[in-house]
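Each remark here refers to the structure printed beneath this line.
The values are calculated or read from the model by the stated rules, or taken from the named source; none is laboratory data. Just so it is clear, the model here is predicted, and its values are computed rather than measured. A quick note on method: Cβ atoms are made from the backbone with ideal geometry, for glycine too, and the neighbour counts reach across all protein chains shown. Note: accessible area is taken over every heavy atom of the protein model, side chains too, but ligands, DNA and RNA are not part of it. Shrake-Rupley method; radii C 1.70, N 1.55, O 1.52, S 1.80 Å.
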Amino acid sequence: AFFIFNQKGEVLISRLYRTDFKRSIADVFRIQVVSNSDVRSPIITLGSTSFFHVRINNLYVVAVTKTNANAALVFEFCYRFINICKAYFGKIDEESVKNNFVVIYELIDEINDFGYPQNSEIDTLKSYITTESIVSTSIAAEESSKITTQATGATSWRRADVKYKKNEAFVDVIETVNLSMSAKGNILRADVDGHIQMRAYLTGTPECKFGLNHKLVIDKNEKGVSDAVELDDCRFHQCVRLNDFDATRTISFIPPDGEFELMRYRSTSNVKLPLRVIPSVTEVGTTQVQYTVTVKANFNSKLSANNIVLRIPTPLNATSADCKVATGKAKYVPAENVLVWKIARLQGGQECTLTASATLTSTTTRQVWARPPIDVDFQVLMFTASGLIVRFLKVFEKSNYQSIKWVRYLTKAEGTYQVRF
């Protein structure tokens, strides 16, 4: 069974694929999960029935089974469904589900047959599940045979008759850095979540080749090679020929038309930290806290970090704070008990410092300040924390046309880069 609930627990979409389920199963989820604020697990098993749910905006996307299903497959199906909805409607929320419920029912019947996942390729789905009606029956029959060939062929993710006046391929290597640093400056955790996003606007059925670092280690037995880029796990789009990657670290594929995620990976070794934060926080008696926080940019001087935001915690009994910075802007936000320091741009190799003094009010009971970590957000263009680089990108097509290729890198942190003090 498949359901979409809103945050009140009302059923917006329901589809029972098997006869052993009744609509009343929705009430069980509403009572046990939606109404229960203690539920943290995305999987709830009650008797022989398992509920798998994914939260997206103000919705619950729920898959229900009575068999011992592969949990990873169920969640993959839920996330594929969410991506398909985003491709069709731009976003998935309560309003878009209510406005497009006819198309959603068509989609869930097409991507799942009797409870078994089928075709979830967005390009293929868009060729026959559309919001526009097809007028001519002869055209419809011709289109139908093309769709069947595509859905059952060797490249189900791409039509053969794609045409572009200008042939271009864009590759974005996007990495999110996660850091947890102790007050003594020891790294407790440093890893990178990365993905390679590609936009291919190419005519015909081109063969793309894409080379990564020569020293790229994925096999755990090879770990420990100096200056190698070590990836803990990789996940590829189904278009990638994995044999070529294992042999030469070359990714060979016939790309889907338009935007898609080519590869997702994690790295926990040799992580290059773009920003170093050095905090010095001193409590002066019970009435004052003094701060000196320095930020250093640990990368090439030709590059720069943009949109840097430091959120520096203050004690709960702070009443005011005075901040001084030579670079950027800093202010005290009492509602959130933080000093917020914003730096629009910091060039590689540079450093800047904040000095601040927070005034505390006296409290009847002396409580020890827990000292939450400093949160740092930033973006650095043309830099990868894992060291992953694209050595080359080639496009081969039988008509031998010229194509334009673009490669960009972005390393960022969004609430995951934390320094204790």
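In table form, for the structure just shown:
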quantity: Lys98 vs. criteria touching a Leu at 6+ places or on another chain (Cβ under 7 Å) and in the same structural domain as Val28 (by the TED database); calculated: yes
quantity: Residue satisfying all of: in segment 267-287; of a type in the set (A, V, I, L, M, F, W, C) and surrounded by fewer than 16 Cβ atoms within 10 Å (Cβ to Cβ); farthest from Thr353 (Cα to Cα) among these; calculated: Val284
quantity: Which listed residue, of Ser96, Ser50, is touching a helix residue (DSSP H, G or I) at 6+ places or on another chain (Cβ under 9 Å), part of a strand (DSSP E or B) and buried (at least 17 other Cβ atoms within 10 Å of the Cβ); calculated: Ser50
quantity: Members of segment 189-221 found to be open to solvent by 10 Å² or more (accessible area, probe 1.4 Å), farther than 17 Å from Asn270 by Cβ and within 26 Å of the chain's Cα centre (by Cα), listed by number; calculated: His195, Gln197, Arg199, Tyr201, Lys209
quantity: Residue tally, condition among the basic types (Lys, Arg) and open to solvent by less than 60 Å² (accessible area, probe 1.4 Å), over segment 353-378; calculated: 1
quantity: Unmet criterion (only one of (1) under 19 Å from Ala190 (Cα atoms); (2) surrounded by fewer than 18 Cβ atoms within 10 Å (Cβ to Cβ); (3) polar (S, T, N, Q)) for Gln290; calculated: (1)
quantity: Some residue of segment 268-280 being within 15 Å of Val171 (Cα to Cα), among the polar types (S, T, N, Q) and over 23 Å from the mean Cα position of the chain (by Cα); calculated: no
quantity: Some residue of segment 391-404 being open to solvent by 80 Å² or more (accessible area, probe 1.4 Å), under 17 Å from His195 (Cβ atoms) and in contact (Cβ under 8 Å) with a residue 40 or more places away in the chain; calculated: no
quantity: From the options Asn68, Asn119, residue that is in a loop (DSSP other than H, G, I, E, B), among the polar types (S, T, N, Q), more than 27 Å from the chain's Cα centre (by Cα) and not assigned by the TED database to the domain that holds Glu261; calculated: Asn68
quantity: Residue count for segment 234-260, restricted to those that are outside any helix (DSSP H, G or I), among the acidic types (Asp, Glu) and modelled with pLDDT under 80; calculated: 0
quantity: Residues within segment 111-168 that are open to solvent by less than 70 Å² (accessible area, probe 1.4 Å) and either at pLDDT below 65 or farther than 30 Å from Thr19 by Cα (or both), tallied; calculated: 19
quantity: Hits in segment 316-363 - residues which are in contact (Cβ under 8 Å) with a residue 40 or more places away in the chain, more than 20 Å from Phe378 (Cα to Cα) and assigned to a strand (DSSP E or B); calculated: Ala318, Thr319, Thr355, Ala356, Ser357, Ala358, Thr359, Leu360
quantity: Selection within segment 60-93 - open to solvent by 40 Å² or more (accessible area, probe 1.4 Å), under 24 Å from Asn36 (Cβ atoms) and in contact (Cβ under 8 Å) with a residue 40 or more places away in the chain; calculated: Lys66
quantity: Filter pass, Val28 being part of a helix (DSSP H, G or I), over 26 Å from Lys126 (Cα atoms), open to solvent by less than 60 Å² (accessible area, probe 1.4 Å) and in contact (Cβ under 8 Å) with a residue 24 or more places away in the chain; calculated: no
quantity: Within segment 279-300, tally of residues that are of a type in the set (A, V, I, L, M) and within 27 Å of Gln367 (Cβ to Cβ); calculated: 4
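Conditions (1) among the aliphatic types (A, V, I, L, M); (2) out of contact with any strand residue (DSSP E or B) (no Cβ under 9 Å at 6 or more places or on another chain), marked per residue:
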{"position": "Ile312", "(1), (2)": "yes, no"}
{"position": "Asp322", "(1), (2)": "no, no"}
{"position": "Val325", "(1), (2)": "yes, no"}
{"position": "Ala344", "(1), (2)": "yes, no"}
{"position": "Ala358", "(1), (2)": "yes, no"}
{"position": "Thr361", "(1), (2)": "no, no"}
{"position": "Val368", "(1), (2)": "yes, yes"}
{"position": "Gly387", "(1), (2)": "no, no"}
{"position": "Val395", "(1), (2)": "yes, no"}
